[in-house]
Amino acid sequence: MTRLMADLDSAEPIRLAAALQTGKKVAPDITGLLADDHRTVMGWFAWYESTTDLAVRKRLIERICVAVSAHMAAEEEFLYPAISRVESGAAVAKRAVAEHAQAKKIIAQLRDAPGEAAAADGLVAKLKTEIAAHVDEEETELFALARQAPIDLYELGRAAAARRVDALLGFRAGSKSPTRAKEGVSIMNISQTDSRDYLLIGLKNAHATTRQGRVLVAAQLERVENYPQ
């Protein structure tokens with residue numbers, strides 16, 4: 001279902017697609033933003049399990065560790081405090097923080113793990129189990145509380161998206177295995193502030209394009225359902 005948002009100019013609700021088409025800046029709903037993160041990371045776990053290429057597996061481990069760490073930082077700073085202020089939400093948020101702590105321990109072990117594939121495989125499998133259980137609990141219980149709570153999910157989404165970008169840059173800069181430039185492509189000298197600005201612009205464009213695409217596909221599906229057999 002397409003969410004409605006208030007048009008501050010006319011005080012009338014408008015569809016998300018209409019907002020995008022008119023050039024309005026639409027902030028992501030924090031639950032949708034985090035759910036997209038969940039799908040992405042679980043996809044990387046599946047990719048890791050399906051490939052035997054050690055170089056690809058090493059890059060996937062780095063990608064998973066950085067993405068999960070940035071994701072947890074955004075949740076702990078914005079979503080969990082908001083949930084804690086809701087009746088029955090404090091216990092759920094506290095349990096989620098404890099689950100994060102366990103995931104962080106495994107990530108630290110992965111970063112310090114020896115080069116043996118078996119050692120990494122075991123830790124990745126353990127992290128996947130922890131993350132999968134956490135995702136299921138979060139999307140069925142914690143997100144439901146967030147949607148029922150008197151909080152602005154779009155405001156939290158804006159804050160979480162910005163925090164995640166900062167965290168991604170920070171974790172990437174401090175990574176023990178920084179990403180190397182591809183052969184024939186030189187690393188561009190650019191400040192962290194400028195790189196963050198460019199990344200934010202790219203994320204906003206990608207998010208708007210994806211959302212608009214989903215609305216267009218949904219409209220086409222409605223038409224297909226009414227076609228004769």
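See the values below:
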| item | result |
| --- | --- |
| Karplus 3J(HN,Hα) series, Hz, for the range 98-113 with 6.51 cos²θ - 1.76 cosθ + 1.60 (x for Gly, Pro) | 5, 5, 4, 4, 5, 5, 5, 4, 5, 4, 4, 5, 5, 5, 9, 5 |
| Whole-number accessible area per residue in Å² for the range 60-104, which is evaluated in the context of all protein chains at 1.4 Å | 40 |
| Local net charge near residue 75, Cβ-Cβ under 12 Å (Lys/Arg +1, Asp/Glu -1) | -3 |
| Cα-based shape type of the range 55-144, given that a ≥ b ≥ c are square roots of the gyration tensor eigenvalues and the cut on a/c is 1.5 | prolate |
| Options 122, 160, 102, ranked by Cα towards positive dipole end of the range 47-161, top entry (Cβ charges) | 122 |
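The values are calculated or read from the model by the stated rules, or taken from the named source; none is laboratory data. Small disclaimer: the values here were computed from a predicted structure and weren't measured. Counting neighbours? That spans all protein chains shown, and the Cβs are built from the backbone with ideal geometry, glycine included. Ligands, DNA and RNA are excluded from the accessible area calculation, which covers all protein heavy atoms including side chains. Shrake-Rupley method; radii C 1.70, N 1.55, O 1.52, S 1.80 Å.
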